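Worksheet for the structure shown next.
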Amino acid sequence: MGYNFPEEEKNILKFWEENKIFEKLREKNRGKERWSFLDGPITANNPMGVHHAWGRTYKDLLQRYFAMKGYEQRYQNGFDCQGLWVEVEVEKELGFKTKKDIELYGIDKFVNLCKERVLKYSKIQTEQSKRLGQWMNWENSYYTMSEENNYAIWHFLKKCWELGYLYKGRDSVPWCPRCGTAISQHEILTEEYKEIIHDSVYFKLPLEGRKDEFLLVWTTTPWTLPANIAVAVDEKLDYSLVEFRKEKYWIAKELIEKVFSSYAKGYEGGKEDFKVVKTVKGAKLVGLKYSFAFDNLERVKEVALRSAQGKQDLFHTVIATDEQIMPISVEDGTGMVHTAVSAGEEDFKLGKKLGLPLIEVIDEAAVYLDGLGEFSGKNAKKDPKIILDYLQNNGNWIFKIEKYKHRYPTCWRCKTELVWRVVDEWYISMEKLREPLKNIVEKIHWIPEFGKDRELDWLKNMHDWLISKKRYWGLALPIFECKECGNFEVIGSKEELKKRAIEGFDEFEGNTPHRPWVDNIKIKCRGVIKDPNSKKDKKCKAVVSRIKDVGTPWLDAGIVPFSTMKYFSDKPYWKKWFPAEMVCESFPGQFKNWFYSLLVMSAVLEETEPMKTIFGYASVRDEKGEEMHKSKGNAIWLDDAVEKVGADAIRWFYMLQNPAENANFGYKNISEVQKKILTLYNIYSFFETYVKKEEIDSSAEIEIQKLENILDKWIVSKIHHLINIVEFNLDKYNISKAVLAIEDFFINDLSLWYVRRSRKRFHEESEDRNSAVHVLYYVLLNTAKVISPVMPFFAEKMYQDIRNETMPESIHLFDWPKIKENQTDLDLEQKMDEVRNIVTLALAQRAAKAIKVRQPLSSLKVNNQKYKVLEEEFLNVIKEEINVKEVLFDGNIKEDVELDLNITEELREEGKKREAVRFGNDLRKEGGYKPGDQVSLLSTAEVFSDKEVLKDLRVNKFTKISKKEEIPDNYVIKEIKIEEGKPDFIAILKNK
Ligand SMILES: [Zn+2]
Ligand SMILES: [Zn+2]
């Protein structure tokens, strides 16, 4: 490989740094029109993987491009700092298993370690990004853990509270028993559902007052059975009583077969009988009472007793489901649904509607609470067998146990299987925000287009936003809730906190607004207590602490259009930069997370869209299209990749991808990209070899109209066209289209046609040579400009190699080239396309008859019904390219083109000479001669005595020999075949 990507890139990094090129670029655009980019913060928690390079390259490319177009920019990178991501890693480092470990260790020390981790990895990520070629004002990166960011969210939450959106809700929520926190609906992405096999159990509940009659019920989560309150049926569904082994079971009619077939006669292995006794509608069963295995446990007894004393006793009763809340399926199970109000979302909702009691059974680590007999203190998820064993050993409860494979949600952070718990959490109500949010989504330009529908779909279905987490490292929710009167307040700023604090502020001062420091501040309650004996309500005035919860990290990232753009400290500045032109992020997940939080916060604070365009891209997979995982061993760290193949190739690879589809990253794909880049490199090398820097007049203008050579005119028109196409597409963020056009240009037009056809022109002094030098220089300079946002290193390297002292010191200090309207020539381009088509067809005819291109032929006929008659200068290109004497346009041929394949004696002789010249030239190179050098030549072949051949090969002394043995030792020798049959030899003196 002629170009060492990683090495060259390191040199260029040094060059940029030493010469402050980025600073000079910013200086150049200072005070000009703005292009406002808003960076989505990267979690500063690990070194970057190769997948991070995709988005970073988009961001860098666009910023570089708009800088070339003269726009001032902020160049602010963001780091996401707070939240479970970081906590879990620090816990791992410390070997912690539970939240208790953290509290024993000390929340302050723990939080400080989280901060340190963020600082450590933000530094590493900064260095990695620089190595990737990303230009940012790194010293000015924003950190979501900053005071500014945290207090900005306080402001937002206060506004939510004032608008009445913020509330405390008690609900059954998905819960991670390891992290000890609720996982909001927003955080459970499809990829967090894993295929898991659980023991499912069919159990039987004896009905009160009906001997040997049971409800047959099924569950895939046996750990929830002690929480059983009721059994739900569908009133309209048919249920049958089935007699089997002298007992009778109620089951949905449609499911009888499925459940009993394995026992029944006529089925494989089965020999028993079962019999349907009767069938009724579900409604007939509603109200029946049953007993269960856990009725002796204290917690269960208490609830049963309280329920019996209440208005309606629905404990252990068959109830009618509400289809809207909990539809009953006849795909699986028995159609009789175990309802554990405390341990399921639907169960809880149904319970709320029907007024069912609930039994809480597990704590935040999924450990059974006290009052549950032998289960108390045991972990519901870690010891799933205990419930099944109990059912087996304490009576006749089990009908059968079956392995069951299903998609089950896991924690997005630690992959632990989730459970459901009824807890108090804080929510932002979406009721009044849903419609405004939809309107904002409509105003935004979404790339890919389907992004809009996905976001709308999410907004349609989303629940209220659960924003609290019972954790440590995160935004301290500024909610102060009074235990006396139930009133709660939200504090909106540090100043307000200071004003309201009656205790603890002095100790807090000087610390960041995080736990535990902020936890000790107390304020006075402003709630009122209704006094039935007096007309005047009493003021509460209790001393109130902050709730202990922290906020979801999506609040941290959602506020950045405000916090990082000085919404609070410098409104004129904010107005200049808001809304952002665009954000650019990998879309899986972001519709529910970052995009969503940006929209919500902007809707609440300013009722408008925070960005004009949302540019999303898919995920990075491995070479085979499989997900990359550290544990699978197919993940690639960015450092390794850059060290191995260089940043430019990675960048080019990513920019070729369709952002709507996953990108399969692998070194094989990258080496394909490198090969393409090397095509371009070879053209620069060719130019450097044949042209001295002094020959270049960088100030000279190029005008198509003043050029003589048709190839020169054509390539200049082509590069101008390319510049326009790339600009058109980049303006619309059609990045892959722009990059594909560039690639097509330098491979198919520049390398395969222009340079190949012009090679000879560079060899000898002439007017035509000057034109070729001038044109190729101009094309290469402009190619470097158009590739510079995509491959900043390679562009710089190419530029430095052809640059002279009068020119800007870096390719990145050029403006985007402006093309005058008369400087493209479509007619010319179309004619050259025709030339290339004709050439391709003619060469195919030669190939079919195995006639070498070096063998001249007399004529080519071109069908003038199909092709426009071309001018002389185009015909000359065709003649040279396919080696014919004449090109004729003719209306009487059947094919597109027709080559005269008759080789006359004269043509054959000429062919031999051409062949001889080619062999001679190869040998000159082997012998170590430069193009202009004279050589002495020996050969057994007669053809070399031809004057033209000798002149072409710059031979000053030719000796005809009769056999190989006559060649002295200090000659390079080649065996050749000029004619059919006998081999010949040529030799030239080795050059010392
Ligand atoms: Zn977890
Ligand atoms: Zn109060």
Revision key, fill the gap. Rounded to the nearest 5, the percent of antiparallel DSSP beta bridges in the chain equals 70
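First check a/c for segment 232-306, with a ≥ b ≥ c the square roots of the eigenvalues of its C-alpha gyration tensor; if it is under 1.5, answer rounded, and if not, answer prolate when a/b is larger than b/c or oblate otherwise.
Details: a/c = 3.08, a/b = 1.69, b/c = 1.82.
The shape class here is oblate.
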Practice item. Run down the aspartates and glutamates and flag those whose C-alpha is under 14 Å from the C-alpha of Lys676, throwing out any fewer than 8 positions away in its chain. Key: Asp648, Glu743, Asp744, Asp749
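When a/c reaches 1.5 or more, the comparison of a/b and b/c decides; with that in mind, is the chain rounded, prolate or oblate per its Cα gyration tensor? Can you show the working numbers first?
On the way: a/c = 2.99, a/b = 1.96, b/c = 1.53.
Prolate, since a/c reaches 1.5 and a/b exceeds b/c.
Below 8 Å between Cα atoms, with a sequence gap of 6+, how large is the relative contact order for the chain in percent? All intermediate terms of the calculation are to be shown ahead of the outcome.
Numbers: 1731 pairs, mean separation 121.8, N = 992.
Contact order relative to length: 12 percent.
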Practice item. Would you compute, from DSSP H runs of 4+ residues alone, the mean residue ellipticity of the chain at 222 nm, taking -39500 (n - 2.57) per run and dividing by the full residue count, rounded to the nearest 500? Key: -11500 deg cm²/dmol
Review point. With point charges of +1 on the Cβ of Lys and Arg and -1 on the Cβ of Asp and Glu, referenced to the Cα centre of the chain, which listed residue (Val773, Gln830, Val600) lies farthest in the positive direction of the dipole?
Key: Val600
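Given Cβ point charges of +1 (Lys, Arg) and -1 (Asp, Glu) and nothing else, what value in debye, to the nearest 20, does the dipole of segment 473-546 about its Cα centre take?
Numbers: 16 positive and 12 negative charges, 94 e Å.
Charge dipole of segment 473-546: 460 debye, to the nearest 20.
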Check your understanding: If you place +1 on the Cβ of every Lys and Arg and -1 on the Cβ of every Asp and Glu, how big does the dipole about the Cα centre of the chain come out, in debye to the nearest 20?
Key -> 2200
Revision key, fill the gap. In terms of the charge dipole of segment 348-405, which places +1 on Lys and Arg and -1 on Asp and Glu at the beta carbon, the residue among Ala380, Gly351, Val361 farthest towards the positive end is Gly351
Review point. Could you give the alpha-carbon Rg of segment 556-635 over 2.2 N^0.38 Å, rounded to two decimals?
Key: 1.42
Exercise for review: Note the angle between two axes, namely the Cα long axis of helix 735-744 and the longest principal axis of the Cα atoms of the chain, as a number of degrees from 0 to 90, rounded to the nearest 10.
Suggested key: 20
Check your understanding: Expressed in nm², what is the orientationally averaged projection area of the convex hull enclosing the Cα positions of segment 881-992?
Key -> 9.1
Practice item. Averaging sequence separations of C-alpha pairs under 8 Å and six or more residues apart, then dividing by the length of segment 1-92, give the relative contact order as a whole percent. Key: 39
Study note, to complete from the structure: Taking a straight Cα-to-Cα line shorter than 17 Å from Lys713, and setting aside same-chain lysines fewer than 8 residues away, one finds Lys820, Lys831
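Rank by packing, highest mean first: peptides 176-183, 73-80, with packing defined as the count of other Cβ atoms within 10 Å averaged across residues. List each step's numbers first, then the result.
Details: 176-183: 23.4, 73-80: 21.9.
Highest mean packing first, the order is 176-183, 73-80.
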Check your understanding: Looking at the square roots a ≥ b ≥ c of the eigenvalues of the Cα gyration tensor of segment 934-992, which shape do they give, rounded for a/c under 1.5, prolate if a/b is larger than b/c, or oblate?
Key -> oblate
Check your understanding: For segment 535-582, what is the Kirkwood estimate of the hydrodynamic radius, computed as the reciprocal of the mean inverse distance between distinct Cα atoms, to one decimal in Å?
Key -> 14.4
Practice item. Report, in whole Å, the centroid distance computed from the Cα atoms of segment 30-61 and segment 164-233. Key: 42
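Among 203-209, 215-221, 848-854, how do they line up by average Cβ neighbours within 10 Å per residue, starting with the highest?
Ranked by mean Cβ neighbours within 10 Å, highest first: 215-221, 203-209, 848-854.
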Review point. Between the helical axis of 872-882 and the dominant principal axis of the chain, each derived from Cα atoms, what acute angle in degrees is found, rounded to the nearest 10?
Key: 80
Exercise for review: Rank Ser146, Ile183, Tyr193 by how far each Cα sits towards the positive end of the charge dipole of segment 123-203 (+1 on Lys, Arg Cβ; -1 on Asp, Glu Cβ) and give me just the farthest.
Suggested key: Ser146
Check your understanding: How far is the Cα center of segment 331-399 from the Cα center of segment 539-575, in Å?
Key -> 40
Check your understanding: In the chain, what percent of the accessible surface is made up of carbon and sulfur (1.4 Å probe, ligands and nucleic acids excluded)?
Key -> 47
Review point. Pairing the Cα long axis of helix 345-354 with the longest principal axis of the chain, what angle in degrees results, from 0 to 90 and rounded to the nearest 10?
Key: 40
Review point. Structure shown: which of Lys32/Lys732; Lys403/Lys592; Lys849/Lys947; Lys115/Lys571; Lys566/Lys732; Lys253/Lys311 lie over 26 Å apart, alpha-carbon to alpha-carbon?
Key: Lys403/Lys592; Lys849/Lys947; Lys115/Lys571; Lys566/Lys732; Lys253/Lys311
Check your understanding: Taking a probe of 1.4 Å, how large is the accessible area per residue of the chain, in Å²?
Key -> 45
Review point. For segment 425-447 and segment 912-972, what is the separation of their C-alpha centers, rounded to whole Å?
Key: 80
Review point. Can you pick out the pairs among Lys159/Lys499; Lys204/Lys271; Lys59/Lys668; Lys785/Lys930 whose Cα atoms lie more than 28 Å from each other?
Key: Lys785/Lys930
Point to revise | aspartates and glutamates with Cα under 19 Å of Lys576, excluding same-chain neighbours fewer than 8 positions away | key: Glu27, Glu33, Asp39, Glu72, Glu606, Glu607, Glu609
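Using a 10 Å cut-off on Cβ atoms, rank the peptides 291-300, 125-134 from the highest mean neighbour count down. Let's see the in-between values first.
Numbers: 291-300: 18.0, 125-134: 20.8.
Ranked from most to least packed, the peptides come out as 125-134, 291-300.
The values are calculated or read from the model by the stated rules, or taken from the named source; none is laboratory data. Computed from a prediction, not measured in an experiment: that's the story for all the values here. Glycine also receives a Cβ, built like all others from the backbone with ideal geometry; neighbour counts cover every protein chain displayed. Side chains are part of the model used for accessible areas, which takes the heavy atoms of the whole protein and leaves out ligands, DNA and RNA. Shrake-Rupley method; radii C 1.70, N 1.55, O 1.52, S 1.80 Å.
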